[in-house]
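What follows is a single structure, written as structure tokens, with notes after it.
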Amino acid sequence: MTITFLQKALLFLTLHNTAVTNSTPSNLLLPHDASALLAFKSKADSTDKLPFSANTSFTFCQWQGIQCVKGKAVRVVLESLSLTGVFAPNTLTSLDQLRVLSLRRNSLAGPVPDLSPLVNLKSLFLDHNSFTGIIPISMSTLHRLLTLDLSYNNLTGPIPKSLTNLDRLNYLRLDSNRLNGSVPALNQSSLKIFNVSKNNLSGAVPVTPTLLRFTTSSFSWNPGLCGKVVDRDCSLSVPFFVTPVTEAPPPPAAGLGQNEQLQGVELTRPSQKKLWRSKVVIIGFSCGVFTLVAAILCFAMGVKKQRRRGKKGENVFSPITGSDPAAVAAVMRMEEGNELEEKVKRVQEGMQAAKSGSLVFCAGEAQVYTLEQLMKASAELLGKGTMGTTYKAVLDNRLIVSVKRLDAIKLAGVTKEVFERHMGSVGGLRHPNLVPLRAYFQAKEERLLVYDYQPNGSLFSLIHGSKSTRAKPLHWTSCLKIAEDVAQGLSYIHQAWRLVHGNLKSTNVLLGSDFEACLTDYCLAALSTTTTPSTSSSDPNVDNYRAPETKNATHQATPKSDVFSFGILLIELLTGKPPFEHPGVTPSDLIRWVRSTREGGGDVGDEDKRLGMLTEVAIACSATSPEHRPTMWQVLKMIQEIKEAVVVEENECPEPVAATS
């Protein structure tokens, strides 16, 4: 579009008046759609990522992500730009010719505005943001809508039943939110893609020809759902805290050690004979425990009596001399009795504390069981880490959860109010690459966190195998996939919530049901009042993951220190070597070392090139100075660019050579 001298003059006067009156340019002097886009930028782009400007408003059709027809915006595609504001009403809704709107993979927050003015809209992508509130009922007035994706947000409330009126809809994704209520009776014959998994939906799924076409995976992680469509009897009360285990565990991944294989997860209904045997074992075990506790108490009482005799002047124990072993043994027995007495006392106090407190379920979670049921669950030790000890707990309703008992020393001085406020924020994090925190408990010194149980072990076990088997380095495509998963989770924590993981390492990356990498123990380091590693930690690599600046006791973890830990983790992925074996060498030497650790001394051709690209990302992340490290969002973009380059190369097939006569 050619700008006339008069238009330039008017624009100059407008900008001049703006500077004088400190007001926004008059919309009367700007193209209508440009004004709408600038209004959107003013609210949604707090970090100035969009190159929109009033100075170039007359050529707005050339702005990034904007496509026009006859001077009207028909496509607005602003994806993965780290937009951190809100989608304000009366901004993009003024684009009356808009066909496609995509704001996916940003960090936009707040409610989804009323989009009913966009009568020509055909495709709407708002997924992978942080939108809250309900799905606007007005969404159902967009009768030309073909594609609707609101997945991976924090939307709450019911799914509007009026969505059944969108008779052209062929793509609907509402998964990974916190929606509740029932599934509408969708029956659009055009619907080809549909997913409402990972919500809090409940009740019988309507039996319609459309919904019957989709597999149970479209409804998974909604344990409150039942009926023919999801193949679950509605007469069974199934809470939705975690997914019930009804199938045998999947086979372990390549390189997974025997000690990491899932044991005892297939909780099928036992026979009467097995039940009788179980009862006998339980009764015998209970009697044994009772006898042991009684013996301890009796022994402690005996020690007390001996103490009282000593106070009365009786010569209970003769003076200890190097030549009287009997006296030494007697004193040792007394000390053991004192210690056992204290242990019994602490156990009793712990039981009283458990009874006095209650589970706090995180936002959007239903209170599906009590603290008493959790305490009665059979427990199995999974491991000891920097922040505490983790157990697998099997509840009486056949649900399996992961319970983390936080180290009291680490959290010494953290008040009840501070803990509740912080866990309220952490409990609101929902992302496919984060293990969700479902509930927490605190009473006196006892603090517990309840997570979903991840059946396929940790990334550490996948990389390093077991003690009896030596794992080989993972294939570079597996490294790429895991690196992207971890980067997605970290980027979400940093951008959407302004929090910090603070304890990233391979033991804190778990493998989900589809072997996706999921972060755990995130955002707990901020509560720690001591920077020294826990003496109970079983991970010798803890200090090697820490950025140089955080080894100073006065410096807390930051997003850039998370980036450093990610770099060390990526090198561990590529080499199969634990961090304490990583050599302190120059970047060029590191690339050669990474290649030398691969089978046969390194990959060849394109694979060797891709391996080098991933190593360069790791080098950039693990720079000594935090100022020289990229942000996690930039790291994610690097990995995705490598992935896209691989896809392009694989899709480019050479033309067939014509046969010669």
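The values are calculated or read from the model by the stated rules, or taken from the named source; none is laboratory data. Being a predicted model, the structure only gives us computed values, none of them experimental. Here the Cβ positions follow ideal geometry from the backbone for every residue, glycine too, while neighbour counts run over all protein chains shown.
Return a yes/no flag: does segment 463-471 have any residue that is part of a helix (DSSP H, G or I) and either modelled with pLDDT under 90 or crowded, with 17+ Cβ neighbours inside 10 Å (or both).
Looking only at segment 463-471, we keep the residues that are part of a helix (DSSP H, G or I), and these are 463-464.
From the residues that got through so far, the ones that are either modelled with pLDDT under 90 or crowded, with 17+ Cβ neighbours inside 10 Å (or both) too are 463-464.
Within segment 463-471 (the criterion being part of a helix (DSSP H, G or I) and either modelled with pLDDT under 90 or crowded, with 17+ Cβ neighbours inside 10 Å (or both)), the answer is yes, since at least one residue qualifies.
Counting only residues that are among the hydrophobic types (A, V, I, L, M, F, W, C) and touching a helix residue (DSSP H, G or I) at 6+ places or on another chain (Cβ under 6 Å), how many does segment 502-524 have?
5
Please go through (1) touching a helix residue (DSSP H, G or I) at 6+ places or on another chain (Cβ under 9 Å); (2) surrounded by 15 or more Cβ atoms within 10 Å (Cβ to Cβ); (3) at pLDDT below 85; (4) of a type in the set (Val, Ile, Thr) for VAL368 and return the number of the only condition it doesn't satisfy.
All conditions are met except number (1).
Which residue pairs have Cβ atoms closer than 8 Å, lie 6 or more positions apart in sequence or on different chains, and pair a first residue in segment 397-422 that is assigned by TED's automatic domain parsing to the domain that holds GLN373 and surrounded by fewer than 18 Cβ atoms within 10 Å (Cβ to Cβ) with a second residue that is of a type in the set (Val, Ile, Thr) and at pLDDT below 80?
Close Cβ pairs satisfying both conditions: ARG398/VAL245; ILE409/THR530; ALA412/THR529; ALA412/THR530; GLY413/THR529.
Can you tell me which residues in segment 172-222 are crowded, with 18+ Cβ neighbours inside 10 Å and either part of a strand (DSSP E or B) or not assigned by TED's automatic domain parsing to the domain that holds LEU142 (or both)?
Scanning segment 172-222 gives LEU172, ARG173, ARG178, LEU179, ASN180, PHE194, ASN195, ASN200, LEU201, SER202.
Can you work out which of the residues in segment 425-462 that are part of a helix (DSSP H, G or I) and in contact with a Phe, Trp or Tyr (Cβ under 9 Å, 6 or more places away or on another chain) is modelled with the lowest pLDDT?
Residues of segment 425-462 part of a helix (DSSP H, G or I): 425-426, 459-462.
Filter once more, keeping what is in contact with a Phe, Trp or Tyr (Cβ under 9 Å, 6 or more places away or on another chain): 425-426, 462.
Numbers: SER425: 86, VAL426: 89, LEU462: 89.
Among those residues, the one meeting the criterion is SER425.
Any residue that is more than 19 Å from the chain's Cα centre (by Cα), assigned by TED's automatic domain parsing to the domain that holds TYR453, part of a helix (DSSP H, G or I) and closer than 23 Å to LEU510 by Cα - is there at least one of those in segment 366-385?
Yes, segment 366-385 contains at least one residue that is more than 19 Å from the chain's Cα centre (by Cα), assigned by TED's automatic domain parsing to the domain that holds TYR453, part of a helix (DSSP H, G or I) and closer than 23 Å to LEU510 by Cα.
Of the numbered conditions (1) of a type outside the set (Phe, Trp, Tyr); (2) surrounded by fewer than 19 Cβ atoms within 10 Å (Cβ to Cβ); (3) in a loop (DSSP other than H, G, I, E, B), CYS68 satisfies every one except a single condition; which is it?
Only one criterion is unmet by CYS68, namely (3).
Can we say PHE219 is at pLDDT 85 or above and aromatic (Phe, Trp, Tyr)?
Answer is yes for this residue.
Counting residues that are surrounded by fewer than 16 Cβ atoms within 10 Å (Cβ to Cβ) and without any contact (Cβ under 8 Å) to a residue 60 or more places away in the chain, which strands (runs of 3 or more DSSP E) fully inside segment 124-171 reach at least 1?
Values: elements: 130-133, 147-149, 154-158.
Per the criteria, 130-133, 154-158.
Please work out if SER82 is within 22 Å of SER425 (Cβ to Cβ), among the hydroxyl-bearing types (Ser, Thr, Tyr) and modelled with pLDDT of 90 or more.
no
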